[in-house]
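The values are calculated or read from the model by the stated rules, or taken from the named source; none is laboratory data. From a predicted model like this one, the values you see are computed outputs, not experimental measurements. Using ideal geometry, Cβ is built from the backbone for each residue, glycine included, and neighbour counts are taken over all protein chains shown. For accessibility, only protein heavy atoms count, side chains too; no ligands or nucleic acids. Shrake-Rupley method; radii C 1.70, N 1.55, O 1.52, S 1.80 Å.
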Amino acid sequence: MRAKKQLLSLCVGLALLPVASLGVSEEDKPKKSTSIFAEMENPELTALAKRKLDMTLFCAPIANDEIKQAVYADMREAKWDRFGMSCALQYGGEIIEDDWLSAFAIEDKLNLLGDHITYFEVLDKQYNAHYQGGDLTIELGWRWERNRIQALKLLDDVEMFEPLIPEITVLKAAYTLASTMRESDTREMMEASIKARGLLDGVVEDSPEVIDGLPLLMLAQLLLALPEFSGGDPIRAIELLEQGMAIDPENLSFHRWLIEGLVAERENAAAIDILRKAADVPVEASHPQDYVDMAKVLGGIAVRLGEKDIAAHFSKNRQQLLSKKPYLLARKARASVGHGGANPITGELKNEI
């Protein structure tokens with residue numbers, strides 16, 4: 001069985017907007033002026049507030065199975081809306097639970113697990129890069145921990161099939177990395193990196209093409225991020241990324257990380273060649289939120305390499321997409337399991353315009 005590409009790379013259209021309103025009504029969304037966390041410093045009161053959040057931020061119940069399926073299909077792609085995507089995850093779980101053959105719904109569970117992993121990325125990009133604390137940080141921490149619990153349950157449900165399905169090992173590695181990007185200390189992040197590398201080494205050896213080459217991408221990211229004394233290997237990372245580009249030539253993450261590897265090896269001319277290939281990838285080949293984020297990073301790399309025309313190309317495409325789809329977030333790009341432009345271990349962003 002081959003997991004669908006939609007696991008971690010999704011496409012969405014304007015048709016999503018009216019459907020998303022079924023998830024959380026405007027009156028149910030948290031307002032800054034009425035935040036339940038406002039002026040709370042006592043940990044016990046904060047814990048009570050979290051339970052209050054759990055009771056008040058709910059998703060509209062959907063009784064009709066066909067409507068629920070349609071809403072889930074659309075809202076799971078709403079990377080710009082942490083509320084809407086959270087409801088999608090809830091509906092996806094309900095759909096599986098309502099299936100009397102749910103014990104055998106392996107592909108559905110893998111796709112939902114992929115959505116939960118993507119949700120870590122969505123939440124990660126909502127954190128303030130320079131300041132932690134306040135209402136939003138508390139809310140994001142609560143959502144992060146809930147997402148961890150729900151994703152782990154799905155992993156437990158499918159783990160018995162892992163010897164037969166390499167996608168499960170890939171998603172286990174993806175979960176290990178994604179779930180520790182936030183709400184974890186440095187030791188936990190490093191342990192997660194070591195564990196994920198062990199999982200990915202085996203898959204890359206036997207089934208590198210699964211999920212459109214995702215194990216190649218994740219392993220290459222780790223090899224570029226780790227220092228050589230801890231197992232870093234930029235030469236091997238470049239080889240893996242070149243292999244991945246052959247599998248999925250329109251995945252801008254392969255381009256972005258291959259450029260990073262080539263620059264690290266002082267092969268700037270080769271890096272510029274890959275940068276130009278990235279500029280030729282059609283905008284519609286990526287999820288629109290991913291393109292907005294990635295265009296900012298690739299444009300920054302172009303500036304660093306002195307390629308002003310390529311920087312202008314990405315900037316123009318980005319602004320046009322933001323204008324055409326104003327609901328997208330013009331945010332700082334951060335990395336997560338094959339997307340974004342930051343170090344997958346530290347979260348450090350080296351290039352951005």
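Looking at region 304-319 only, could you name the residues that are part of a helix (DSSP H, G or I), aliphatic (A, V, I, L, M) and surrounded by 18 or more Cβ atoms within 10 Å (Cβ to Cβ)?
Residues satisfying the conditions are Ile310, Ala311.
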- Those residues of region 234-270 which are crowded, with 22+ Cβ neighbours inside 10 Å and not in a helix (DSSP H, G or I), in sequence order: Asn251
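Every residue, every condition in (1) within 23 Å of the chain's Cα centre (by Cα); (2) at pLDDT 95 or above, yes or no:
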| position | (1), (2) |
| --- | --- |
| Asp206 | no, no |
| Glu228 | no, no |
| Ile238 | yes, yes |
| Leu241 | yes, yes |
| Ser253 | yes, yes |
| Ala264 | no, no |
| Ala269 | no, yes |
- Message: With the requirement that a residue be open to solvent by 40 Å² or more (accessible area, probe 1.4 Å), in contact with a helix residue (DSSP H, G or I) (Cβ under 8 Å, 6 or more places away or on another chain) and among the acidic types (Asp, Glu), what does region 89-133 give you?
- Response: Glu94, Asp98, Asp99, Asp108
- Do we have Met218 as in contact (Cβ under 8 Å) with a residue 60 or more places away in the chain and open to solvent by 50 Å² or more (accessible area, probe 1.4 Å) here? no
- Among (1) among the small types (Gly, Ala, Ser); (2) closer than 25 Å to Tyr91 by Cα; (3) open to solvent by 30 Å² or more (accessible area, probe 1.4 Å) - the single one Gly202 does not satisfy: (2)
- Task: Go through region 231-263 residue by residue and tally those that are closer than 26 Å to Thr186 by Cα and free of Cβ contacts under 8 Å to residues at least 12 places away in the same chain.
- Result: 2
